[in-house]
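Bear in mind that the values in this text are calculations on the coordinates, not laboratory data. Bear in mind that the values here come from a model prediction, so they are computed numbers and not experimental data.
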Amino acid sequence: TIPGFRKGKAPRTIVERFIGRESLLDAVLDSMVPEVTDRAIAEQDLKAAGLPKVELLDTDPVTLKATVPLEPDVDLGTYRSLRVPEVPVEFSDDDVTAALDQIRQSMATWEPVDRPVQMGDTVTVKTVGKVGETTIVDEPGAVLFLDEHTTMPVPGFAENLVGLTREESKEFTVALPEDPQSQRPAGQEANFSVNVVEIKERLLPELDDEFARSYGDGHENLEALREKVGTDLRTEAEQRAEQQHKEAAIEALVEGSTIELSPLMVEHEVVHMEEE
């Protein structure tokens, strides 16, 4: 659109002066370059393996240079002689027992108890934590699962709850780990004040026929459930062994092969990684 002319009817010289020849040329090249490079690649029957690297050599007339990454040259070597041993299927009765125990864990219930806190319990606690005058934790009813790996709200907090009873309060100090985000130095101490609201322990169901009938779609008895679990585990183990065997075969094939990559493909990948 040029003032004083109908749209698309202004003379070329007027358009060039109004828009600028460089801007006009850039707009043309944006649409022209992909088209002419694709045509040149097709005409020369090149097996391109990626986008070409295009350089503008001249603008009058427009002259382009395109460097095209070709498909890698692959020599598989003596792959027909490769022999990769099968991966043995690893499966035992202990695996079935462990799987049944995991099922029990998943079907456990949590029941309130009137005893001191132990590791493995879940506890509801009112918590206030401060570093100096700064409050870092203020939870009126946080529910925490306690074990040796618990790090909430900070490492070492859970151990200080062991032995407390319901409605009992306690104040204690914990050395905090280093926190790069807040530039907190390691060893800085936090003072906590807690009150135990509720203690619950995990109750595991008995591993019997009733348990088997209640699990999944139901099973006639515990032996039927054990057999089903064993069948599923064996199938998974066989599939895992087959996949490992395939991967080992591919690794052996790659090790015995020679692959020549286009330097431009490597360059494009490096640029892509830098942009990410």
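Amide hydrogen proximity for Ala49: with H placed 1.01 Å from N in the peptide plane, the residues at 5 or more positions away or on another chain lying under 5 Å are Leu70, Glu71. Placing one equal scatterer on every Cα of segment 1-125 and applying the Debye formula, the log10 ratio I(q)/I(0) at q = 0.11, 0.16, 0.17, 0.19 Å⁻¹ is -0.70, -1.04, -1.06, -1.11. Using a 10 angstrom cutoff on alpha carbons, build the Gaussian network for the chain and name the most mobile of Thr165, Thr37, Thr59. Evaluated over the chain, the most mobile residue of the options is Thr59.
Translational diffusion of segment 198-241 was estimated from the Stokes-Einstein equation, with Rh taken as the Kirkwood radius over Cα pairs; at 10 °C and 1.306 mPa s the coefficient is 131 µm²/s.
Hull volume per residue, based on the alpha-carbon atoms of segment 61-206 and their convex hull, is 341 Å³. Based on Cα contacts under 8 Å between residues 6+ apart, the chain shows a relative contact order of 22 percent.
Collect residues whose amide H, placed 1.01 Å from N in the peptide plane, falls under 5 Å from the amide H of Glu168; neighbours closer than 5 in sequence don't count. Residues meeting the criterion, in which the H sits 1.01 Å from N, are Val196. First check a/c for segment 127-276, with a ≥ b ≥ c the square roots of the eigenvalues of its C-alpha gyration tensor; if it is under 1.5, answer rounded, and if not, answer prolate when a/b is larger than b/c or oblate otherwise. Oblate, since a/c reaches 1.5 and b/c is not below a/b. Evaluating 6.51 cos²θ - 1.76 cosθ + 1.60 at θ = phi - 60° for every residue in segment 10-22, the Karplus couplings come out as 6, x, 4, 4, 5, 4, 4, 5, 6, 8, x, 4, 5 Hz, glycine and proline recorded as x. Note on the chain: Kirkwood radius taken over Cα pairs, Stokes-Einstein applied at 25 °C and 0.890 mPa s, translational D equal to 87 µm² s⁻¹. Its DSSP H runs of at least 4 residues, each contributing -39,500 (n - 2.57), put the calculated 222 nm mean residue ellipticity of the chain at -12000 deg cm²/dmol, to the nearest 500.
Amide H to amide H, which residues 5 or more places from His219 or on other chains are under 5 Å from it, using H placed in the peptide plane? Result for His219 returns Arg213, Ser214.
Shown in residue order for segment 207-222 are the 3J(HN,Hα) couplings computed by the Karplus curve 6.51 cos²θ - 1.76 cosθ + 1.60 at θ = phi - 60°: 8, 9, 4, 4, 4, 4, 5, 8, 8, x, 7, x, 9, 4, 7, 5 Hz (x for Gly and Pro). For the chain, lysine pairs with C-alpha atoms less than 30 angstrom apart, excluding pairs fewer than eight positions apart on the same chain, total 9.
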